[in-house]
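S.K.: First the structure, then my questions, so here it is.
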Amino acid sequence: MKDLKKIAVLTSGGDSPGMNAAIRAVVKTALHHKLDVDGIYKGYNGMINDIIKPLDRHIADNIISLGGTILKSARCKEFRTPEGRKKAYENIKKHNIDALVVIGGDGTFAGGNIFMKEFDFPVIGLPGTIDNDLYGTDYTIGYDTAVNTVVTAIDKLRDTATSHDRLFIVEVMGRDAGFIALRSGIASGAKKILIPETKTHIEELLERLQKGISENEASAIVIVSEGDDFGGAMEVKKIVGEHFPDYSTRVTILGHIQRGGSPSSYDRILASGLGYQAVLGLLDGKKGVMVGSVNREIVFTPFEKTIKHHSKINVELKHIAEILSG
Ligand code: F6P
């Protein structure tokens, strides 16, 4: 982009491990190219309420290993209104910002897309969400760490499940997406994985448990994605209890621990590469796109596509999970 002098960066929506590594990459790449960088705090709220501060190179010191986001994050209702976006644009102009890097999920890109169109303003996106549900990238920043967190937790649950001959039903995050459930389920050897992308036939779970009981498999792990069509872990526990009243069953809802923690090396490297490419993309005049990595190639996908489509579950992985749990 011609005349690019100052960019700004924000994180929005649910935070994810690796967002700080992405911020660091954006700041360092921008400074390398002699661009000024502002940080916008609390997502789009910071644009509306003028929580905007210059970031110097020291802001990026020692944040590559930190979970969360130093810029803080939020979901912002006001940015969905034309009045909110107008206030945001006035602040952006006041700070002489020429382009924006937004790090988040599809809601973040939907906001960025409207803003870009309304004010003809360059916005580029980085995929930051633990859910891995964004079209246009094989992996989102934070997903790998979240899966590792779940696997570590399930390994611990398995110890106590084995000691007590118990069934553990573990609920993982993913409102509309089963990526965390599927990958962590394979990595932890779960007996069954229930995900929102495929219809759950609860009788199949009951049959699988019955088989386990008949074969003297005294303990088991079942993973349920929070968005599964049958319901969450509590609903699954209820029906299991009705069919197998003597089977000692416990529920663990992993919740927000999946969103925290130091990012894995995979997430740090992904975030560093994509953050670097976002700044190069802006310099090159790109806008209205999310920077992703597909088959190890950098790909720029229009916001419209990332908003409209979801990344598809790998059906083969689901099949592998079924076979290996047998
Ligand atoms: O989108 C990320 C995510 O962690 C989902 O997996 C989860 O359903 C949601 O955010 C939780 O949102 P909140 O932090 O607002 O409760």
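S.K.: Which one of these does Val123 not meet: (1) assigned by TED's automatic domain parsing to the domain that holds Pro82; (2) of a type in the set (A, V, I, L, M, F, W, C); (3) within 13 Å of the ligand (Cβ to nearest atom)?
M.R.: (3)
S.K.: List the number of the failed condition for Asp61; all other conditions in (1) under 29 Å from Thr145 (Cα atoms); (2) surrounded by 16 or more Cβ atoms within 10 Å (Cβ to Cβ); (3) not aromatic (Phe, Trp, Tyr) hold.
M.R.: The number of the failed condition is (2).
S.K.: Can you find a residue that is within 30 Å of Thr301 (Cα to Cα), in contact with a strand residue (DSSP E or B) (Cβ under 7 Å, 6 or more places away or on another chain) and surrounded by 20 or more Cβ atoms within 10 Å (Cβ to Cβ) anywhere in region 154-174?
M.R.: Yes.
S.K.: Among all residue pairs at least 6 apart or on different chains, which show Cβ distances below 6 Å where the first residue, located in region 169-186, is within 14 Å of Val315 (Cβ to Cβ) and touching a residue at least 60 places away in the same chain (Cβ under 8 Å) and the second is within 11 Å of the ligand (Cβ to nearest atom) and not in a loop (DSSP other than H, G, I, E, B)?
M.R.: So the pair list comes out as Gly178/Ser225.
S.K.: Here's a follow-up. All but one of (1) at pLDDT 95 or above; (2) within 19 Å of Lys191 (Cβ to Cβ); (3) in contact with a strand residue (DSSP E or B) (Cβ under 6 Å, 6 or more places away or on another chain) hold for Gly231; which doesn't?
M.R.: Answer for Gly231: the failing condition is (3).
S.K.: Just one of the numbered conditions (1) within 20 Å of the chain's Cα centre (by Cα); (2) surrounded by fewer than 18 Cβ atoms within 10 Å (Cβ to Cβ) is not true of Cys76; which one?
M.R.: All conditions are met except number (2).
S.K.: Sort out which residues of region 280-321 are hydrophobic (A, V, I, L, M, F, W, C), within 17 Å of Phe179 (Cα to Cα) and in contact with an Asp or Glu (Cβ under 6 Å, 6 or more places away or on another chain), and write them in order of number.
M.R.: If the condition is that a residue be hydrophobic (A, V, I, L, M, F, W, C), within 17 Å of Phe179 (Cα to Cα) and in contact with an Asp or Glu (Cβ under 6 Å, 6 or more places away or on another chain), then Val294, Ile313 are the ones that fit.
S.K.: While we're on this one: Would you list the strands (runs of 3 or more DSSP E) that sit entirely within region 1-118 and hold 1 or more residues that are within 25 Å of Pro263 (Cα to Cα), modelled with pLDDT of 95 or more and among the hydroxyl-bearing types (Ser, Thr, Tyr)?
M.R.: Numbers: elements: 6-11, 36-40, 52-54, 99-104.
Answer list for region 1-118: 6-11.
S.K.: If you go through region 142-159 one residue at a time, how many are touching a residue at least 60 places away in the same chain (Cβ under 8 Å) and touching a helix residue (DSSP H, G or I) at 6+ places or on another chain (Cβ under 8 Å)?
M.R.: The total comes to 10.
S.K.: So if I check each of Ala21, Ala74, Ala25, Ala88, which one is touching a residue at least 40 places away in the same chain (Cβ under 8 Å), within 16 Å of the ligand (Cβ to nearest atom), of a type in the set (Gly, Ala, Ser) and over 23 Å from Lys2 (Cβ atoms)?
M.R.: Numbers: Ala21 fails: within 16 Å of the ligand (Cβ to nearest atom); Ala25 fails: within 16 Å of the ligand (Cβ to nearest atom); Ala88 fails: within 16 Å of the ligand (Cβ to nearest atom).
Just one listed residue meets the conditions, Ala74.
S.K.: Within region 182-209, how many residues are in contact with a strand residue (DSSP E or B) (Cβ under 9 Å, 6 or more places away or on another chain) and under 21 Å from Asp144 (Cα atoms)?
M.R.: Taking region 182-209 as the starting set, the residues that turn out to be in contact with a strand residue (DSSP E or B) (Cβ under 9 Å, 6 or more places away or on another chain) are 182, 184-186, 188-197, 200, 202, 204-205, 208-209.
Of the ones still in play, those that are also under 21 Å from Asp144 (Cα atoms) are 182, 184-186, 188-190, 192-197.
Total satisfying the criteria: 13.
S.K.: Can you list the helices (runs of 4 or more DSSP H) lying wholly within region 239-326 that have 2 or more residues being surrounded by 19 or more Cβ atoms within 10 Å (Cβ to Cβ) and modelled with pLDDT of 95 or more?
M.R.: Result: 265-283, 303-308.
The values are calculated or read from the model by the stated rules, or taken from the named source; none is laboratory data. From a predicted model like this one, the values you see are computed outputs, not experimental measurements. Here Cβ is always computed from backbone atoms with ideal geometry, including for glycine, and neighbour counts include all displayed protein chains.
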